[in-house]
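In what follows, a structure is listed as structure tokens, so that the remarks can point back to it.
The values are calculated or read from the model by the stated rules, or taken from the named source; none is laboratory data. What you are looking at is a predicted structure, and each value in this text was computed from that prediction instead of being measured. Please note: Cβ atoms are built from the backbone with ideal geometry, for glycine as well, and neighbour counts cover all protein chains shown.
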Amino acid sequence: MKPFRLPIALTRLVLLCMLIPATAAGDNTIVDDLVIDVPLTLCDEPVPTEAPGIVERYEKEMLVSLGNPQQVILYLKRSTRYFPFIQKSLAEKGMPDDLKYLAVAESALRMHAGSRKGAMGIWQLMPQTAQKYGLTVNGSFDERRNVYLSTSVALDYLKLLYDRFGSWSLTLAAYNMGEEGLDAEILEQGHSDYYRLYLPLETQRFVFRILAIKQIMDRPAHYGIHFTEADGYVPDTFATETIQALEAMPIRLIASAANTDFKAIKDLNPEIRGHYLAVGTRRVNIPEEGADGFSQRLATLVKADATMRRQKVYVVKKGDSLSGIADTFDIPLAALLIWNRLGIHDVIHPGQSLVIFPSAKTDRKAIVENGKEVDE
């Protein structure tokens, strides 16, 4: 007999009912949660709740957010990690604190959030916008993924939009749909009130989505979610080291020098793509406890790694293929690609040198040092 499972929609409804505070019998608590008991404002601008359709648009976004309490809990937990930095950045630039909720609406505060259109990071910056404001976006680094690097750019862009449109509701609309598109609609429709403009449906919802997120995150207990800062995720703490890579440097070496693991370095530096730090000078975050003596340890490890790589060279022969070489040495093809910074579709040629760290299970004579075969 198959186990009984509640439909997803019903499961969410049950969870929602568990999270919403109990009231007197017969009360509709979900409807109660939609009551506007405080003036609605966003970025200190009043929301015209008396205008036709405004309350309906607000209620829709409130119901969507309240209908996914698990996501709201994640918003709250992540906010204790990232909001302190974002709020400090907003205050330094004299911008409304409510703009922090834009990051929640855009990415749910996930550094690696991406869109089909190419937006990336907590602020969902497009590549051209990020590069225009000085962020690096290429095959080696995507600084949109780093909240500490991307926040200043996102706020500068928002400030430019505000200077152009003169209201935060229009600024947020432009952030969502693009300033040129918004300008065109304002010219065609003959007015510049976000709440009266007919815009792409996503943009018509966007400001209300941010407003709903603000309402719930500002007063979670009012909606039955009992949350304190102690329940949240702690902010990242790290030391920042300057690394000069004369050639592509394996991140595993940085991790070893910092007395930590590969994942910790990637998590603290989400902008680094792949398994190597690209050539050049770069500031890299490492755990605080690994900072003492880091540079000396890294220099020793880099030197040792270079020596080892010279001793693990295989010279490609006619008829070789990447998959065939991987099979010969009983290693994953993906590992061979990582060690040699190759793509799956790259072509190899006779005489080309590949670095290979053979599997402990293999006993074949196929590693070549200085062109001569040696036993491993």
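Among all residue pairs at least 6 apart or on different chains, which show Cβ distances below 9 Å where the first residue, located in the stretch 18-46, is more than 20 Å from V64 (Cα to Cα) and the second is modelled with pLDDT under 75 and among the small types (G, A, S)? Pairs that qualify, where the first residue is more than 20 Å from V64 (Cα to Cα) and the partner is modelled with pLDDT under 75 and among the small types (G, A, S): there are none.
Could you go through the stretch 76-83 and let me know if any residue there is among the aromatic types (F, W, Y), touching a residue at least 40 places away in the same chain (Cβ under 8 Å) and surrounded by fewer than 18 Cβ atoms within 10 Å (Cβ to Cβ). Checking the stretch 76-83: not a single residue is among the aromatic types (F, W, Y), touching a residue at least 40 places away in the same chain (Cβ under 8 Å) and surrounded by fewer than 18 Cβ atoms within 10 Å (Cβ to Cβ).
Name the residue that is farthest from A103 (Cα to Cα), counting only residues in the stretch 135-161 that are hydroxyl-bearing (S, T, Y) and either crowded, with 20+ Cβ neighbours inside 10 Å or not assigned by TED's automatic domain parsing to the domain that holds P200 (or both). Per the stated criteria, the residue is Y157. Of the candidates A230, A239, A258, the single residue that is buried (at least 20 other Cβ atoms within 10 Å of the Cβ) and free of Cβ contacts under 8 Å to residues at least 60 places away in the same chain is A258. When G121 is tested against the conditions (1) over 26 Å from Q71 (Cβ atoms); (2) within 26 Å of the chain's Cα centre (by Cα); (3) not charged (D, E, K, R), the lone failure is (1).
Of the helices (runs of 4 or more DSSP H) contained entirely in the stretch 287-349, those carrying at least 3 residues that are closer than 17 Å to S256 by Cα fall at 294-310. Scanning the stretch 243-292 for residues that are over 21 Å from A304 (Cβ atoms) and β-branched (V, I, T) turns up I272, T281. Taking the criterion of being over 16 Å from the mean Cα position of the chain (by Cα) and either surrounded by fewer than 23 Cβ atoms within 10 Å (Cβ to Cβ) or not assigned by TED's automatic domain parsing to the domain that holds D163 (or both), the residues of the stretch 95-118 that qualify are M95, P96, D97, D98. Cβ separations smaller than 8 Å between residues 6+ apart or across chains give the following pairs from the stretch 185-204 residues that are over 19 Å from Y162 (Cα atoms) to residues that are modelled with pLDDT of 95 or more and among the polar types (S, T, N, Q): Y198/Q189; Y198/Q204; E202/N176. Of the numbered conditions (1) modelled with pLDDT of 95 or more; (2) not assigned by TED's automatic domain parsing to the domain that holds V147, I210 fails exactly one; give the number of that condition. Here I210 clears every test but (2). Mind listing just one residue for me: the one in the stretch 265-284 that is of a type in the set (D, E, K, R) and part of a loop (DSSP other than H, G, I, E, B) and, of those, surrounded by the fewest Cβ atoms within 10 Å (Cβ to Cβ)? My answer is R273. Taken over the stretch 80-94, the criterion of being of a type outside the set (V, I, T) and either over 14 Å from the mean Cα position of the chain (by Cα) or farther than 14 Å from M111 by Cβ (or both) is satisfied by F83, P84, F85, Q87, K88, S89, L90, A91, E92, K93, G94. Of everything in the stretch 285-299 that is loosely packed, with under 15 Cβ neighbours inside 10 Å and in contact (Cβ under 8 Å) with a residue 12 or more places away in the chain, the residue that is farthest from the chain's Cα centre (by Cα) is S295.
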